[in-house]
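The values are calculated or read from the model by the stated rules, or taken from the named source; none is laboratory data. The shown structure was predicted, so the numbers you read here are calculated from the model rather than taken from an experiment. We place every Cβ from the backbone using ideal geometry, glycine too, and count neighbours over all the protein chains shown. Keep in mind that these areas ignore ligands, DNA and RNA; they rest on the heavy atoms of the full protein, side chains included. Shrake-Rupley method; radii C 1.70, N 1.55, O 1.52, S 1.80 Å.
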Amino acid sequence: MDPSAFRRWLTSRVMTLVGSEHRLLAKRQKAEGKRLKTNAAHRVEYFHQLEDGYSQLAAQVLERLSKRYKVELACHLVHGPSGANLPEPELLLELASYDSNLIAEHYGLGFPKYEKLPERASVENAARILAALDTETFAAYASAIGEAMWDNDTTRLGTLAEKLGSVSRAEAEAAIEAGTARRKELKHYSGAMFYYAGEWYWGVDRLYHLEERLQQLGLDRKPGEAMIAARPEIPSFPIRDTGTLTLEVYPSLRSPYTAIAFDRTLRLAEAAGVNLITRPVLPMVMRGVPATNEKGVYIFLDTAREARAAGVPYGKFYDPIGNPVRRAYALYPWAVSQKRGNEFLSAFLSAAFSRGINTNSTAGLRKVVEAAGLPWSEAQTHRTDTEWESLVEANRQAMYAEGLWGVPSFRLLDQRGETLLATWGQDRLWVVGRVIKNQLASDQP
């Protein structure tokens, strides 16, 4: 086995083991055993990034979380991600604000009517107040402070400072640096994150995983009641579309999140009756967007957890980065011409992320082609096609034009071709479904 093939095999084996449910449960058992030995409290740490929309949503559940569950809550102020953990800095905060506004009402939360990011002075003043607070007061007032900050309301911020106190700019910055250092020590990079006993949970979108874990440990003070932030369900469609709506999906063949969302996207489009257009793009790493090891491991673990919750096969991994993706995309236009394009992408993602097939081998690629219902003999004449290169680049440019860069991304268009929704992430399928359902209902006489 040549060195590159061995590295691919070894990385794939390691990630398969890392993401296994058996390892997760063993890790949890070990963490709980360690806690019992030291008689430590159940400690949840929260990392708040002031100008991040997702942190503003998370701030609204802090007090309820601390009252609902028998945990010791610790709140930290942090800087946002940086370096290779922040591939598109000019887009991230804008998208977070837009997306937070989009999902807030579905979680029973609020978000300021988004027009622009808060001004630097408002962020600094909010930080000075929050840095002065103990955890209990932080949990009680972080949301109100955030609202005033997002509204750039200097009067409200001044009133809150008088009521709660504030520290100097230097002391606030020191608190942010300390929180950022603590997050780095625990091996993460982002804001709006909850940490409990070795695992990370992102904002309100992943809070249900944390709540389930705390409930299993018997820490729920109100067992049987609805979760604080249960994941919204993808809706059913009593009214189906008749060709008025178009859903574009932007997948990538090396994306774990795409792997667990692609087939569900196909089913959603079929159930809703909308026109589906698939627009594949190159994986981020292959288009020059860097990724750190800590980010890659978190994404893989998070996807495994999300896949189990959705009942989606996932985790037996054989990395398709590089040549396997190129070889697959060379065949994709031909697969589309045979009306098997989506089946081909689905078969490749299944092979790479749930069946552990080496798609870099001829035998592995043949399994993908045949699983898609395509003849391997015909595929031979298309294995060096280059039509795909301009295709995926045009798709990337269209995705970026909507302020999106990650996958899977979604764009919902009306009959005139105007954008009704542009969003990113496998955990936004329920949003896509609800917008489609609402649009169909509003079109009824």
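Packing order of peptides 227-237, 432-442, highest average first: 432-442, 227-237 (average count of other Cβ atoms within 10 Å over each peptide's residues). Sort the stretch 213-369 into rounded, prolate or oblate with this rule: let a ≥ b ≥ c be the square roots of the eigenvalues of the Cα gyration tensor; rounded if a/c is under 1.5, and if a/c is not under 1.5, prolate when a/b is larger than b/c, oblate otherwise. Judged from the Cα gyration tensor, the stretch 213-369 comes out oblate (a/c at least 1.5, b/c at or above a/b). Our note on the geometry: Cα centres of the stretch 410-445 and the stretch 100-167, 31 Å apart.
Expressed as a whole percentage, what fraction of the accessible surface of the stretch 342-445 belongs to carbon and sulfur atoms when a 1.4 Å probe is rolled over the protein heavy atoms? So the carbon and sulfur contribution to the accessible surface is 45 percent. Compactness of the stretch 51-97, taken as the C-alpha radius of gyration over 2.2 N^0.38 Å, stands at 1.45. Distant-in-sequence amide contacts of ILE277, defined by a placed amide H-H separation under 5 Å and a gap of 5 or more residues or a different chain, comprise LEU247, GLU248, VAL249. Reducing the stretch 334-357 and the stretch 218-267 to their Cα centroids gives an inter-centroid distance of 21 Å.
Per residue, the convex hull spanned by the Cα atoms of the stretch 198-270 measures out at 149 cubic angstrom. Helix 323-337 and the longest principal axis of the C-alpha atoms of the chain enclose an angle of approximately 60°. Against the chain, whose longest principal axis comes from its Cα atoms, helix 203-216 is set at around 80 degrees. For the stretch 113-190, the share of accessible area belonging to carbon and sulfur comes to 48 percent (1.4 Å probe, ligands and nucleic acids excluded).
In terms of packing, defined here as the mean over residues of other Cβ atoms within 10 angstrom, the peptides 127-137, 369-379 line up highest first as 127-137, 369-379. The 3J(HN,Hα) values that the Karplus relation (6.51, -1.76, 1.60; θ = phi - 60°) gives for the stretch 38-49 are, in residue order, 9, 6, 7, 6, 6, 10, 10, 10, 10, 10, 9, 9 Hz. Gly and Pro appear as x. In the context of the full set of protein chains, the chain has a per residue accessible area of 45 Å² (1.4 Å probe).
Taking only protein heavy atoms and a 1.4 Å probe, the accessible area of the stretch 1-75 is 56% carbon and sulfur.
Amide H to amide H, with H built 1.01 Å from N, VAL44 comes under 5 Å of GLU72, LEU73, ALA74, counting only residues 5 or more places away or on other chains. Across the cross-link table entries LYS184/LYS437; LYS34/LYS222; LYS184/LYS316; LYS27/LYS295, which are compared at the Cα atoms, the separations over 31 Å belong to LYS184/LYS437. Compared with the dominant principal axis of the Cα atoms in the chain, helix 154-164 is inclined by about 60°.
Here the stretch 275-367 is treated as a Stokes sphere of Kirkwood radius computed over C-alpha pairs; at 25 °C and 0.890 mPa s its diffusion coefficient rounds to 170 µm²/s. For the chain, rounded, prolate or oblate, judged on the Cα gyration tensor with a ≥ b ≥ c (square roots of eigenvalues), a/c < 1.5 rounded, else prolate if a/b > b/c? In terms of gyration-tensor shape, prolate.
A viscosity of 0.692 mPa s and a temperature of 37 °C, combined with the Kirkwood radius over Cα pairs in Stokes-Einstein, give a translational diffusion coefficient for the stretch 102-260 of 171 µm²/s.
Dividing the summed helix terms, -39500 (n - 2.57) for each DSSP H run of n ≥ 4, by the number of residues in the chain produces a 222 nm estimate of -17000 deg cm²/dmol to the nearest 500. In terms of the Cα gyration tensor, with a ≥ b ≥ c the square roots of its eigenvalues, is the stretch 349-440 rounded because a/c is under 1.5, prolate because a/b exceeds b/c, or oblate? Prolate, since a/c reaches 1.5 and a/b exceeds b/c. Kirkwood radius and radius of gyration were both taken over the C-alpha atoms of the stretch 252-304, and their ratio Rg/Rh is 1.07.
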